[in-house]
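Written below as structure tokens is the structure these notes are about.
The values are calculated or read from the model by the stated rules, or taken from the named source; none is laboratory data. None of these values were measured; they are calculated from a predicted model. Don't worry about glycine lacking a Cβ; one is built from the backbone with ideal geometry, like all the others, and counts go over all protein chains shown.
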């Protein structure tokens, strides 16, 4: 059974959600068997995901029974949902029964139903286990194709890396349809731990009530999560049961990284910064907690059973010594490839364990990697190469504001949310980039919209 669910102590609680519902490992095993009785063949289903027991059960049952799920946000834009349905033709949909009106339901449990669509998917590659949307924010129907090896190796490696055991109680608040949120779930189930599932905002009092009452031992967040936590004075909170704080999903501003590291050192906790992509089944690199204070902003090195290297401007690939260039990852968690239509679900492994990340990294003399930008997020203005990610990082590190950069090869456009500082930001960026004032435009906006995973919504 997936993640050895059938080998866990049956009376142990596998998950509790913020409605108070819970499921033991024994009940989860029985649910997987009931799911198979309702759907005893390999096919494609959509899971309308929320951080609740019903979604969790559907995910585990699907992979345990070699049914391929596409995990999508239960609150997905309707037009994108219909596009995905038309392209990939799921035979069934697993979601809250209120979302399945007019569709015949063949099985139901935990407030969720398995509804027949009347569609038939294209043939599925034998090792295809799971489909996830890319973590971008453009509303694209492009999917990442995972194998069984990808998912299980990620769960095993993360459990080993974090020294997880069956006594852990993980606060699982990142969305299930987001690769890192799913990594938290899979790694803790593999360890036989207890998941504390929550869809509540970090600013919701009930989130903190659950965290304290259920004695959460770990919390995982993206940069946006930590920006909120900082404003909420999280780093002054008394959370004696919290032992592990992990971060991923993008680069933290250096000052906030230091704040996390100092808090962990002061309170006897572990702060582990990680790096990953959906194409690498979430986590691909990590910074050991003992290095957090001396390697601020670094992603460290590869996770167990993986390796990192750099391709420099001359096209040479190196894994030792100082260097700058595109970062390459190799490991069993590298996914099969992409899908843009139903026919792609029959494709095999197109990556062969090698992932060109598209991230520009710098490696120091100690072998620690630092992400400094994206290969395609550059402007070239009067021959000056301007990294948009780098400018965003500089602005957010120097000023109290959110920031988003764009533009073209004539003008750098910087959007900020602090109405008091546009002139200061303009002068600061001109000084840092060596551009002329006429080539930099600062715009003040009310908010820079982000999705639940902290990614910028571009529309």
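For every residue, the table says whether it meets (1) assigned by TED's automatic domain parsing to the domain that holds residue 175; (2) modelled with pLDDT of 95 or more; (3) in contact with a helix residue (DSSP H, G or I) (Cβ under 6 Å, 6 or more places away or on another chain); (4) not in a loop (DSSP other than H, G, I, E, B).
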residue	(1), (2), (3), (4)
51	yes, yes, no, no
61	yes, yes, yes, yes
86	yes, yes, no, yes
107	yes, yes, yes, yes
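Restricted to the stretch 166-250, the set of helices (runs of 4 or more DSSP H) holding at least 1 residues that are touching a residue at least 40 places away in the same chain (Cβ under 8 Å) and surrounded by fewer than 16 Cβ atoms within 10 Å (Cβ to Cβ) comprises 205-213.
Of all the residues in the stretch 109-130, those that are in contact (Cβ under 8 Å) with a residue 12 or more places away in the chain and outside any strand (DSSP E or B) number 11. When 368, 405 are screened for being in contact with a strand residue (DSSP E or B) (Cβ under 7 Å, 6 or more places away or on another chain), assigned by TED's automatic domain parsing to the domain that holds residue 248 and within 23 Å of residue 326 (Cβ to Cβ), only 368 passes.
With respect to the conditions (1) closer than 16 Å to residue 343 by Cα; (2) within 20 Å of the chain's Cα centre (by Cα), residue 91 falls short on a single one, namely (2).
Taking the criterion of being assigned by TED's automatic domain parsing to the domain that holds residue 228, out of contact with any strand residue (DSSP E or B) (no Cβ under 9 Å at 6 or more places or on another chain) and either buried (at least 19 other Cβ atoms within 10 Å of the Cβ) or in contact (Cβ under 8 Å) with a residue 12 or more places away in the chain (or both), would at least one residue in the stretch 144-152 satisfy it? Checked against the condition, which is being assigned by TED's automatic domain parsing to the domain that holds residue 228, out of contact with any strand residue (DSSP E or B) (no Cβ under 9 Å at 6 or more places or on another chain) and either buried (at least 19 other Cβ atoms within 10 Å of the Cβ) or in contact (Cβ under 8 Å) with a residue 12 or more places away in the chain (or both), the stretch 144-152 yields no hits at all.
The test for being in the same structural domain as residue 146 (by TED's automatic domain parsing) and in contact (Cβ under 8 Å) with a residue 40 or more places away in the chain does not hold for residue 268.
Would it be correct to say that residue 321 is modelled with pLDDT under 95 and in a loop (DSSP other than H, G, I, E, B)? Criteria met by residue 321.
With respect to the conditions (1) under 24 Å from the mean Cα position of the chain (by Cα); (2) touching a residue at least 24 places away in the same chain (Cβ under 8 Å), residue 323 lacks only one, and its number is (1). Residue pairs whose Cβ atoms lie under 8 Å apart, sitting 6 or more positions apart in sequence or on different chains, and linking a residue in the stretch 429-451 that is touching a residue at least 60 places away in the same chain (Cβ under 8 Å) to a partner that is in a helix (DSSP H, G or I), are 450/224. Quick one: in the stretch 56-85, which of the residues that are under 17 Å from the mean Cα position of the chain (by Cα) and in contact (Cβ under 8 Å) with a residue 60 or more places away in the chain is farthest from residue 343 (Cα to Cα)? By that ranking, first place goes to 56.
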